[in-house]
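Step one of this worksheet: look at the structure below.
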Amino acid sequence: MVGIAKGRQMYIVFARKYRPQTLDEVIGQDIVTQTIKNAIEQNRLYHSILFYGSMGTGKTSLARIIAKSLNCEKGPTVKPCGECEQCKTISLGRSVDVIEIDGASNRRIDDARNIIESIKYVPFNARYKIFIIDEVHMLTEEAFNALLKTIEEPPDYVKFIFATTNIEKVPQTILSRCQIFKLNKISPEKIYTKLKKILEIENIDIEDDGIKLISQVAQGSFRVAENYLDRVVAYKSGHISAKDVSYVLGVADYSLIDEFVQAIINFDSNQAYEKISYLLEHNLKVETFVEMLLEKLLVLDIELELKTAFINFFYDSFLQIKHKVDDIVALKVATQKALALKNLTKIEDIIQHSIDLSIPDTKEKTLEKTNEVLTNVLSEDTGDFGSSEILADNAGDDVDKLDKMVIDLFGGEIIAKR
């Protein structure tokens, strides 16, 4: 068994195998990468940098790329060669001069003092000594305070690169000493494009809707998307359908979303609740279903009022699920509200109905009734006009605003009969 284990090549997960090695390979962070390129080329890179954003957006990858760019034997350069000893050891996490620290497990003041002590020594064989501290917000207040002076004025050969998913917990005293970069969530389209390239390299056959589904449910994290891809590939060899992806990840596929949307548009309660039952039977994630449903509703080409109502109902259920309300109950309530729209009357119809009831059937009757009322009003307020025709434009300031509105309603002309 030992001999067999030694003979096998260890599998490298996609997230590690396809980690970006240069700034050009980082996807979805164009402004950040361009700023860093300019700073390196102009020798203006800040001594303390902080990256923040949600998981899987490239924070640690960017930190390692900067370390390689600064320490590459052909650098400093925006395109580290990846072949020299410095590039190789940094990529493998083995460089003695690029120290990666997990803020969650090295958070005490003693750990901060160890960093301060090691800074006294110049790099062993690199151009810069670089400290990469991941999840830096986990450090204690005492540890932050101990590092303040060092972060503000480190030796010329030292760079700090911090990464965090929770910038709100990083003290302002630390933030004020750093150049800060926000990393945005990566769009499903960019994730899809990168996954497509990986699948071509790996010669893996996945249905296009399956790739789109992975890209959608990754929630802006490329690392999450790569991990999902690993799970799907491990599940089945050969052709992988969108249904396969749906079952493995526990999320609804696009066909289920389309069928549910069609059911509520047609106010078909049986079909709508049948799709909800399918979610339960196959143990699919309701939160993801509602999120995908909202994406579908936003681009749906239906009557605006109906579309807005649907979005309001299901967005409200999405927020409730986020706040730990029973997910299936929230979905059922939103669905019932959506189906109940069938029995509602549009406000325009109500207005028109009221007009139809209040105005006589013919213009002649309407004119006759209005002339009668208006003649009485004018006789009381202004005396005898001596004319059988009154024009709205010539009515004068003495005519009440209400009278003008009535006159305007009939094209500006009232026939007054004595």
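Read-outs: derived from the displayed coordinates by stated rules, not from any lab. Remember, it's a predicted structure, so these values are computed and weren't measured experimentally. Note: ideal-geometry Cβ built from the backbone for every residue, glycine included; neighbour counts use all protein chains shown.
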- prompt: Here are some pairs, Lys197/Lys236; Lys236/Lys332; Lys212/Lys337; which of them have Cα atoms lying more than 27 Å apart in this structure?
  reply: Lys236/Lys332; Lys212/Lys337
- prompt: Using r as the Cβ-Cβ distance of Tyr273 and Ile201, and R0 as 45 Å, what FRET efficiency do you calculate, to the nearest 0.05?
  reply: 0.55
statement: Sorting Ile321, Leu306, Leu331 by the position of each Cα along the dipole of the range 289-334 (Lys, Arg +1; Asp, Glu -1; all at Cβ), the one nearest the positive end of that ordering is Ile321
query: So what J values fall out for the range 52-68 if you push phi through Karplus, 6.51 cos²θ - 1.76 cosθ + 1.60 with θ = phi - 60°, rounded to Hz, Gly and Pro as x?
result: 9, x, 5, 5, x, 9, x, 5, 5, 4, 5, 4, 5, 5, 4, 4, 5
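Find how much the distance from Val329 to Thr173 grows on full extension, using 0.36 nm per residue of separation minus their present alpha carbon separation; answer in nm with one decimal.
Result for the pair: 51.6 nm of gain on full extension.
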- line: Karplus ³J(HN,Hα) for the range 293-298 (6.51 cos²θ - 1.76 cosθ + 1.60, θ = phi - 60°; Hz, whole; x = Gly/Pro) runs 4, 4, 4, 5, 5, 5
Amide H partners (placed H, <5 Å) of Ser48, local residues excluded: Phe160, Gln179
- prompt: With Cβ to Cβ distances under 13 Å as the rule, what net charge do the other residues near Val122 carry (K, R +1; D, E -1)?
  reply: +1
task: Collect residues whose amide H, placed 1.01 Å from N in the peptide plane, falls under 5 Å from the amide H of Ile101; neighbours closer than 5 in sequence don't count.
output: Ile132, Ile133, Asp134
statement: With label points set 7 Å from each Cα along the Cα-to-Cβ direction at Lys79 and Tyr46, the distance between them in nm comes to 2.8
- prompt: For Glu189, what is the net charge nearby, where nearby means another residue's Cβ is under 11 Å from its Cβ and Lys, Arg count +1, Asp, Glu -1?
  reply: +4
query: Tell me, what HN-Hα J-couplings in whole Hz come from the Karplus equation 6.51 cos²θ - 1.76 cosθ + 1.60 at θ = phi - 60° for each residue of the range 171-176, using x for Gly and Pro?
result: x, 4, 5, 7, 4, 5
query: Could you give the length gained on full extension between Ile116 and Glu287, defined as 0.36 nm per residue of separation minus the Cα-Cα distance, in nm?
result: 57.0 nm
field: Alpha-carbon Debye profile of the range 203-259, log10 I(q)/I(0) at 0.12, 0.27 Å⁻¹
entry: -0.23, -1.15
message: Could you tell me what a quarter of the Cα convex hull surface of the range 15-91 works out to, in nm² with one decimal place?
response: 5.0
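Taking the inverse of the average 1/r across all pairs of different Cα atoms in the range 264-323, what Kirkwood radius in Å do you get? Display every interim value, and only then the final one.
Details: mean 1/r = 0.0809 Å⁻¹.
Evaluated over the range 264-323, this radius sits at 12.4 Å.
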query: Quick one: what Rg and Dmax do you get for the range 289-341 from the alpha carbons, in Å?
result: 10.7, 32
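Once you have the Cα-Cα distance between Asn312 and Gln219, take 0.36 nm times their residue separation minus that, and quote the gain in nm to one decimal.
Result for the pair: 31.3 nm of gain on full extension.
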query: What spacing in nm lies between the two simple spin-label points modelled at Leu300 and Gln34, each 7 Å away from Cα in the Cβ direction?
result: 3.8
query: What's the FRET efficiency of Ala104 with Lys342 using the Cβ-Cβ distance as r and R₀ = 56 Å, to the nearest 0.05?
result: 0.60
